[in-house]
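These notes concern the structure reproduced below.
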Amino acid sequence: MKRIDLDEELVRRLYLEGKPMQQIADRLSCSRPVIARAVRCMGLTRQRPRPYRDSPNPREIILDEEEVTRLFAARVPMVQMAKRLGCGRTKVAATIRRLGLSRVAPTRGRSGPASPHWRGGRRITRSGYVLIQVGPDYPGAPIGGRMLEHRLVMQRALGRPLLRHEVVHHINGVKTDNRIENLALMTPSEHDKEHWRSMPKEERRRRAALGTARLLAATERRTRPRTRIWCRCGCGQTLLTPDKDGKARLFIRGHRGQARHYSDSNASSRAAVSS
């Protein structure tokens, strides 16, 4: 291992001045363990910080409550308070809680344009549409006061709120291009047909095959043989399983919460009933 030659006088002076070991190591271009080993070899000691010396327990820190109150009232950050008081941030926070000190955040209650984080009330959703903050009292605005910009533009052009079943279509397919020239009002069926016509042939075939597979699966579920069984709640009524959607059921609708434990003597009542 390469031997590191240190200036012992400089190490002694910096250490007795109260400089942290890491800071001394950075100044001498070495590691902290090297400085710690040199301090031990020289037998150096330095006085503990004032908060430790005033405490009967050498591991406990006692802070000046008046100084903490003064710094807190002056809105000094806790990190700087900890440096001035010679302790950690956790101890400062615990002392502040014990003294019952509190201060209102400068931005509390400030929303909308008054908030420092206001970005004009405009953002892009995950689907790529533009969402605008219009306020909860705006005509046609949903709960929360946010509207999709293309619906807002169409609503202003028509001079009335849009109906729930009315769909606004982007003619050029760009979801952020909300000029009125690029928007068209359609019904849901017209909107689906428009997207189907503009869809590539490969995507049409894929969706058609997927729809056919789902239809066959649903038909298979509906034509599956059905069995009549006793309702598991113990009401004495019977039901057919699987149901018309192909879903296996053990309870009559609404009876699940009334289920009771069966005894061994009633095990035969749970057998299937021939239809």
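Put simply, of Ala208, Ala141, Ala184, Ala114 the only residue that is closer than 30 Å to Val76 by Cα and either in contact (Cβ under 8 Å) with a residue 40 or more places away in the chain or not β-branched (Val, Ile, Thr) (or both) is Ala114. Picking from residues in segment 43-61 that are surrounded by 12 or more Cβ atoms within 10 Å (Cβ to Cβ) and farther than 18 Å from Lys83 by Cα, the one that is modelled with the highest pLDDT is Leu44.
When His150, His169 are screened for being surrounded by 16 or more Cβ atoms within 10 Å (Cβ to Cβ), assigned to a helix (DSSP H, G or I) and not assigned by TED's automatic domain parsing to the domain that holds His255, only His150 passes. Residues in segment 16-31 that are out of contact with any Leu (no Cβ under 9 Å at 6 or more places or on another chain) and assigned to a helix (DSSP H, G or I) were compared, and the one that is farthest from Gly43 (Cα to Cα) is Asp26. Contact map, segment 159-178: residues that are farther than 18 Å from Val130 by Cα paired with residues that are modelled with pLDDT of 90 or more and among the β-branched types (Val, Ile, Thr), Cβ distance under 7 Å, separation 6+ or inter-chain. Pairs shown: His165/Thr187. Summed over segment 87-119, residues that are over 21 Å from Pro136 (Cβ atoms), of a type in the set (S, T, N, Q) and either at pLDDT 65 or above or surrounded by 12 or more Cβ atoms within 10 Å (Cβ to Cβ) (or both) total 3. The residue that is modelled with the lowest pLDDT, among those in segment 120-133 that are out of contact with any Lys or Arg (no Cβ under 7 Å at 6 or more places or on another chain) and part of a loop (DSSP other than H, G, I, E, B), is Gly120.
The values are calculated or read from the model by the stated rules, or taken from the named source; none is laboratory data. Since the model is a prediction, treat every value here as computed from it, not as a measurement. Counting neighbours? That spans all protein chains shown, and the Cβs are built from the backbone with ideal geometry, glycine included.
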